[in-house]
Amino acid sequence: MAAEKAFTGNMKDLTSENITENVQIINSQCDDRRLKFLINRLVLHIHDLVRETRLSTKEWMAAIHFLTEVGQICSDARQEFVLLSDILGLSLLVDSVDHPCPPGATDPTVLGPFHTEEAHEIGHGEGLSHDPDGEPCLCICTVKDLDGKPIEDAKVDIWETDSKGFYDVQYANRDGPDGRAVLRSDAEGVFWYKAIVPVPYPIPHDGPVGKLLGRLKRHPYRPSHMHFMFEKDGFDPLVTALYLKNDPYIDSDAVFGVKESLVIELEEVTDEKMEEQYGVKIGTKLLRYNFVLVTNEVAMELRLEKAEDAMKAQAIDVLFIDGLPVPALD
């Protein structure tokens, strides 16, 4: 058993001025350098928040009670902590940092709390949704690399709500996945399927996160969108979504997921040849999009570059362990 490091702090007469330094000294005994760095910065920023805002005991207890409620409402079908992360903009921030996007690549966005691993794999031309009330939509997409070369056999996970704005997992009596499916791109990088036109919907707002939105005078709505997740060996995983132009919530998404490059305008099927080829009627809504993935090497290089810039801005000399920054000196 390794000997414990000697503690050289002062655990007597702790005050608002010296408590942070002493907590950091205690935590510095951690052998995991990345964990130690994360806890160090977490303690520093939380302590500064308390000092800067003069946080009261009543407010801190209210925060603890709120987080307790968030945990208590979580279930296999509902992840309230993801929802909290989303409405605070943290989900988008973490994803943007961990999956940097070079020019020409498809922008990532939030995963959201409703992705599951239940989706069945379907063939090109098959449908995602069995909702009879949804407006039909033909989706024809491609997936390529930064050089414009098609990516064959990429796994494409797709999910959307029904016409009423609910995901399948929000129904207690559901008998299987719906509104979601997995496809594989062909040799030309093409994948196509049938879905329904996305609709705007509110995130679950009957719990503590919804109450917080109410206190902040914020609405709970997300603009109409369809989710996509791409996986292919050698490429950085991509989680993204496409948003419909002119949606009433396009400029005020409750989870900050909209990016201009991901906003699209639906077309319509007007060509009889397309009607015959894809088995849809003239006038059917048409979604087209060309997705671009980044190789692991390019993503890692960009991630390290941006991390180095961020550390330099904080005057922190760093080294990298498993691609993640830690202070060069303990």
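Just so it is clear, none of the values below were taken in a lab; they were calculated from the coordinates. Please read these numbers as outputs of a predicted model, since none were measured by experiment. Cβ atoms come from the backbone with ideal geometry, glycine included; neighbour counts cover every protein chain shown.
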Among PHE66, PHE114, PHE191, which one shows the highest mean-square fluctuation when the chain is modelled as a Gaussian network with alpha-carbon springs under 10 Å?
PHE66
Fewest to most neighbouring Cβ within 10 Å: what's the order for ASP168, ASP186, ASP153, ASP13?
ASP13, ASP153, ASP186, ASP168
Work through the residues other than ASP107 whose Cβ is under 11 Å from its Cβ and net out their charges, Lys, Arg +1 and Asp, Glu -1.
-1
Compute the relative contact order of the stretch 80-294 as a whole-number percentage, counting only Cα pairs closer than 8 Å that sit 6 or more residues apart in sequence.
27
Given a Förster radius of 22 Å and the C-beta distance between VAL263 and LEU88 as r, what FRET efficiency does 1/(1 + (r/R0)^6) yield to the nearest 0.05?
0.45
Surrounding charge for TYR243, neighbours by C-beta under 10 angstrom, Lys/Arg +1, Asp/Glu -1, total 0
Lys/Arg +1, Asp/Glu -1 at C-beta; the chain dipole; positive extreme among SER252, PRO198, ILE122
SER252
Which whole-number percent is the relative contact order of the stretch 209-330 (Cα, under 8 Å, 6+ apart)?
17
Note, ALA62: beta-carbon cut-off 13 Å, +1 each Lys/Arg, -1 each Asp/Glu, net +1
When the dipole is taken about the Cα centre of the chain, and only Lys, Arg (+1) and Asp, Glu (-1) are charged at their Cβ, what size is it in debye, to the nearest 20?
1300
In whole Hz and in residue order, list the ³J(HN,Hα) couplings for the stretch 189-195 that follow from phi through the Karplus curve 6.51 cos²θ - 1.76 cosθ + 1.60, θ = phi - 60°; x for Gly and Pro.
x, 8, 9, 9, 7, 10, 9
Working from the pairwise distances between different alpha carbons, so that the mean of 1/r is found and then inverted, what is the chain's Kirkwood radius in Å?
22.8
At 222 nm, what helix-only mean residue ellipticity would the chain give, in deg cm²/dmol to the nearest 500, using -39500 (n - 2.57) for each DSSP H run of four or more?
-9000 deg cm²/dmol
Rounded to two decimals, what is the ratio between the C-alpha radius of gyration of the stretch 272-329 and 2.2 N^0.38 Å?
2.25
For the stretch 32-48, just list the computed ³J(HN,Hα) in residue order, Karplus coefficients 6.51, -1.76 and 1.60, θ = phi - 60°, integers in Hz, with x standing in for Gly and Pro.
7, 5, 5, 4, 4, 5, 4, 5, 4, 6, 4, 4, 4, 6, 5, 5, 5
Gaussian network model of the chain, Cα springs within a sub-10 Å range: biggest mean-square fluctuation belongs to which of MET300, MET226, MET11?
MET11
Using 0.36 nm per residue of separation minus the Cα-Cα distance, give me the extension gain between ALA63 and GLU308 in nm, one decimal.
84.8 nm
Taking the number of other C-beta atoms within 10 Å as the exposure measure, put TRP159, TRP192 in order starting with the fewest.
TRP192, TRP159
